[in-house]
Amino acid sequence: MNKPFIISVDDDPNVLKVIDLDLRTRYGKYFRVFSLNSGKNALEYLKNLQEKNEQVALFVIDQRMPQMTGTDFLGQARRVFPTAKRVLLTAYADTEAAMAAINEVGLDYYLMKPWSPPEENLYPVLDDLLRDWLADVFPAGKRNFGEPISHFP
């Protein structure tokens, strides 16, 4: 089995570059990280992944994007990959939307931008979510694509 995906979506190229780098740095050994600049492009990509029987472990999605909010994206993505963990990136002004998304789309967590330093504000949250995902998908403690879950960061 191939490594599962972590998908990030943000319309701001600078933010997308930073989140992609942060995700690849920490999780690239265990997951395939793919970053897209729009919800529409990401949904098309998800359909392609579904057709290939790939797995998505985590979505990290910006709330404020043109044409589609992060909450709207996560609602649609949840239908395609229901076991994937869902994280919404928000600005301070968007915390109400994030709170609503907890019930609306089964949001697992929301993070405020900026999340720097990632070692304090990003990785601990994502580590826990990814460990939970791995334990749910591979309950015997062994991943089909590598080392035991206990070796995950």
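Tabulated results
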read-out	value
Rounded to whole Hz, the Karplus (6.51, -1.76, 1.60) HN-Hα couplings of the range 32-44, x for glycine and proline	8, 9, 9, 10, 10, 9, 7, x, 4, 4, 5, 5, 4
Å² per residue, accessible surface of the range 45-93 at 1.4 Å	48
Placed amide H near Arg32: partners under 5 Å, 5+ positions off or other chain	Phe5, Ile6
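The values are calculated or read from the model by the stated rules, or taken from the named source; none is laboratory data. Just so it is clear, the structure is predicted and the values come from calculations on it, not from any experiment. For accessibility, only protein heavy atoms count, side chains too; no ligands or nucleic acids. Shrake-Rupley method; radii C 1.70, N 1.55, O 1.52, S 1.80 Å.
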